[in-house]
Every structure is written in structure tokens, then in C-alpha cells.
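Worksheet for the structure shown next.
The values are calculated or read from the model by the stated rules, or taken from the named source; none is laboratory data. Because the structure is a prediction, the values reported are computed rather than measured. Note that each Cβ is placed from the backbone with ideal geometry, even for glycine, and that neighbours are counted across all protein chains shown. These accessible areas exclude ligands, DNA and RNA; they are computed on the full protein's heavy atoms, side chains included. Shrake-Rupley method; radii C 1.70, N 1.55, O 1.52, S 1.80 Å.
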Amino acid sequence: MDIENIVILTGAGISAESGLATFRGPDGLWEGHRVEDVCTPQALARDADLVHRFYDERRAKLAEVSPNPAHAALAKLDANWPGGLLIITQNVDDLHERAGARRLIHMHGELKSALCAACGEAEAWDGALPPGSSCPACGAPQLRPDIVFFGEMPYRMDEIDAAVRRADLFVSIGTSGAVYPAAGFVQTARHHGARTLELNLEPSAGSYLFEDTRLGPASVLVPALVGELLA
Ligand code: APR
């Protein structure tokens, strides 16, 4: 099969070997936290300090970590693939772009961005974000982490949907397949004729939806796949 358009979906597993905790699993970020306590609009309204502290700690952690060979391999694919390519990440870290990836969508927001709940402007943000910080655009004291919480609509879904429908190859890397709509992209891609491949440390909730699954660490599997694609 000739491949022209590639869509890659990444999750927390691709950043695990850089030292960032995944969400689910034994060392997961949600251990000790209920998701509803930190990652919903209701939690932000109820306890803004907790929500901001959770994301401030994770933003600070970014300074201590670096992209790993899986991020580097995807950046190399992005730079060298002559056809259509889109990396859709559920991750709010900045490791894909620090590795050099350009054709990238952060569908769940970014740690290094703040969103004004009043005017909807997003601002680059590096550092702590105290609740009640003022928006540089409109002045309202309503800046919040620019993170898509449970119950909120992921970003740029029109572009994502169009790319997934056009894909000849859809690859999912390091995601548990537990959170929709991302977990459903594989079905759309298959329905429109794409080959589908999952790369993950272990079988995921969505493994059965993929034609092929390769199990192992992303730092090994992703460079190998990129080598095959660029050969
Ligand atoms: N290489 C490949 N896969 C790995 C590695 C690794 N080194 N380490 C862990 N994994 C796999 C795990 O086996 C798991 O299936 O990565 C997956 C991570 O799953 P989650 O922690 O559920 O992360 P993710 O799928 O990105 O979560 C989706 O949920 O909480 C929300 O918005 C948040 O974007 C996040 C979404």
C-alpha cells in the first residue's frame, strides 16, 4: 500500500522515558488524586488553589526533563516525510516541539499556556500561575491553565477530523485508549481506509481496534518505525 498521509496520535507513554509520569497505572499522576478533584471545570470553581498547584508543579517539572529518542524520531519524520503528516498529541508537555516537531496539534492544551476564562485569549505562560492572575489582553483576573479538562471540548477538532479521514497510516503511541474522542480516532481512520498501528508498552484498552500492535518502550519502537517509513 502506498502511504502518503500519516497521522500520529501520542499520549503520556511517549514522555514516560523522559521522566514525566503517565496518568494511569502504578506511578500514575492520578494516584492519590481523584481526576474529578483536579481536572474538571467544577474542580477549578471549587478549589482553584489545588488545580493551579497541580499544574504549576507539572510546568516546573518540564525544566528538568528532555525529549527522548521517540520524540526525536517523530521530529525527524516530520522534517523528512514528503507527504501529509500530522502529530496529534494528548500531552500538555512541550517535548515534541523541543525535539523539533512542527506539524503538531496539542489537542488537550499546553502547560506553557494560560487561558483567560473571560475573553478566551491564550497567552504563553512559563512559571507559576496564581489563581486570580490578570489577563494581559482584557485585564480580567481570570487566567487559568490552558488545559482541556474532562467535560471540555478538545482543541482543533475540525482539523484533526479532516486529517484522520485522509490518513493512509494511523499510528497511536503510548496512550491507554481510555479517553475519548482521541481513543476513537483509530475507528475513523480505519473506516476511511487507513492502515492502523499501535505502539505501546502493554496492550491497551483500545488494542483490539488496531490491525497491528507492537509492544515495547516508545524509545525503541518509534525510531524503528521511523526508520522503516523513511527507508
Ligand atoms: N513506551 C510506550 N508506552 C508506554 C511507556 C513507554 N515507555 N510507558 C507507559 N506507556 C503506556 C502505558 O502502558 C499506557 O497504556 O502509555 C499509556 C499511558 O496511558 P495514560 O496514562 O492513560 O495516558 P494517556 O493515554 O495519554 O491519557 C489520555 O487522559 O487524563 C487524561 O487528558 C489526560 O491526555 C490525557 C488523557
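Test Met153 against the criterion of being within 30 Å of Ala117 (Cβ to Cβ) and open to solvent by less than 60 Å² (accessible area, probe 1.4 Å), and give yes or no.
no
So in region 181-203, with the set limited to residues that are under 30 Å from Glu121 (Cα atoms) and more than 10 Å from the ligand (Cβ to nearest atom), which one is most open to solvent (accessible area, probe 1.4 Å)? Spell out the reasoning first.
Filtering region 181-203 for residues under 30 Å from Glu121 (Cα atoms) gives 181-185.
Among the residues that remain, those that are also more than 10 Å from the ligand (Cβ to nearest atom) are: 181, 184-185.
Details: Pro181: 46, Gly184: 13, Phe185: 14 Å².
Step by step, filter region 181-203, then rank; the result is Pro181.
Give the residue, chosen from Ile87, Ile3, that is within 14 Å of the chain's Cα centre (by Cα) and over 19 Å from Asp146 (Cα atoms).
Values: Ile3 fails: within 14 Å of the chain's Cα centre (by Cα).
Only one candidate passes the filter, namely Ile87.
Can you pull out every residue in region 27-78 that is modelled with pLDDT of 90 or more and acidic (Asp, Glu)?
Selection gives Asp47, Asp49, Asp56, Glu57, Glu64, Asp78.
Can you give me the number of residues within region 204-220 that are over 24 Å from Asp168 (Cβ atoms), part of a helix (DSSP H, G or I) and open to solvent by 50 Å² or more (accessible area, probe 1.4 Å)?
Counting residues in region 204-220 that are over 24 Å from Asp168 (Cβ atoms), part of a helix (DSSP H, G or I) and open to solvent by 50 Å² or more (accessible area, probe 1.4 Å) gives 1.
Limited to region 55-114, what total is found for residues that are among the basic types (Lys, Arg) and within 13 Å of the ligand (Cβ to nearest atom)? Let's see the steps before the verdict.
Within region 55-114, the subset among the basic types (Lys, Arg) is 58-59, 61, 76, 98, 102-103, 112.
Retained after the next criterion (residues that are within 13 Å of the ligand (Cβ to nearest atom)): 58.
Residues flagged as among the basic types (Lys, Arg) and within 13 Å of the ligand (Cβ to nearest atom) within region 55-114 amount to 1.
Let me spell it out: the conditions are (1) more than 10 Å from the ligand (Cβ to nearest atom); (2) in a helix (DSSP H, G or I), and Glu4 meets all of them except one. Which number is the exception?
Against the list (1) more than 10 Å from the ligand (Cβ to nearest atom); (2) in a helix (DSSP H, G or I), Glu4 comes up short only on (2).
With Ile173, Ile147 as the choices, which residue is within 30 Å of Gly132 (Cα to Cα) and out of contact with any Pro (no Cβ under 8 Å at 6 or more places or on another chain)? If you could, list the steps in order and put the result at the bottom.
Numbers: Ile173 fails: within 30 Å of Gly132 (Cα to Cα).
So the residue among Ile173, Ile147 that is within 30 Å of Gly132 (Cα to Cα) and out of contact with any Pro (no Cβ under 8 Å at 6 or more places or on another chain) is Ile147.
For the structure I just gave you, tell me whether Glu228 is surrounded by fewer than 13 Cβ atoms within 10 Å (Cβ to Cβ) and either within 16 Å of the ligand (Cβ to nearest atom) or in a strand (DSSP E or B) (or both). Let's see the steps before the verdict.
Values: surrounded by fewer than 13 Cβ atoms within 10 Å (Cβ to Cβ): yes; either within 16 Å of the ligand (Cβ to nearest atom) or in a strand (DSSP E or B) (or both): no.
Answer is no for this residue.
Looking at (1) within 14 Å of the ligand (Cβ to nearest atom); (2) closer than 21 Å to Ala189 by Cα, which is the only condition Cys39 fails?
With respect to (1) within 14 Å of the ligand (Cβ to nearest atom); (2) closer than 21 Å to Ala189 by Cα, Cys39 is out only on (2).
Answer yes if at least one residue in region 61-75 is closer than 27 Å to Ala189 by Cβ and either in contact with a Lys or Arg (Cβ under 7 Å, 6 or more places away or on another chain) or of a type in the set (Lys, Arg) (or both), and no otherwise.
Of region 61-75, the ones closer than 27 Å to Ala189 by Cβ are 67-75.
Restricting the remaining residues to those that are either in contact with a Lys or Arg (Cβ under 7 Å, 6 or more places away or on another chain) or of a type in the set (Lys, Arg) (or both) gives 67.
Checked against the condition, which is being closer than 27 Å to Ala189 by Cβ and either in contact with a Lys or Arg (Cβ under 7 Å, 6 or more places away or on another chain) or of a type in the set (Lys, Arg) (or both), region 61-75 yields at least one hit.
Ala167 versus (1) touching a helix residue (DSSP H, G or I) at 6+ places or on another chain (Cβ under 8 Å); (2) surrounded by fewer than 22 Cβ atoms within 10 Å (Cβ to Cβ): which is the lone unmet condition?
Of everything listed in (1) touching a helix residue (DSSP H, G or I) at 6+ places or on another chain (Cβ under 8 Å); (2) surrounded by fewer than 22 Cβ atoms within 10 Å (Cβ to Cβ), Ala167 misses just condition (2).
Would you please name the residue that is nearest to Thr89 (Cα to Cα), looking only at residues in region 148-172 that are assigned to a strand (DSSP E or B) and in contact with an Asp or Glu (Cβ under 8 Å, 6 or more places away or on another chain)? Walk me through it before giving the result.
Start the filter on region 148-172 by keeping residues that are assigned to a strand (DSSP E or B), which leaves 169-172.
Next cut, in contact with an Asp or Glu (Cβ under 8 Å, 6 or more places away or on another chain) only: 171-172.
Numbers: Val171: 12, Ser172: 10 Å.
Looking at residues that are assigned to a strand (DSSP E or B) and in contact with an Asp or Glu (Cβ under 8 Å, 6 or more places away or on another chain), I get Ser172.
In region 143-158, is there at least one residue being modelled with pLDDT under 95 and of a type in the set (Gly, Ala, Ser)?
yes
Suppose we filter region 173-198 for residues that are more than 15 Å from the chain's Cα centre (by Cα) and either under 26 Å from Leu20 (Cβ atoms) or not in a loop (DSSP other than H, G, I, E, B) (or both); how many remain?
Within region 173-198, the first condition is being more than 15 Å from the chain's Cα centre (by Cα), and the residues that meet it are 186-198.
Then drop every residue that is not either under 26 Å from Leu20 (Cβ atoms) or not in a loop (DSSP other than H, G, I, E, B) (or both), which leaves 186-191, 195-198.
Residues meeting the conditions: 10.
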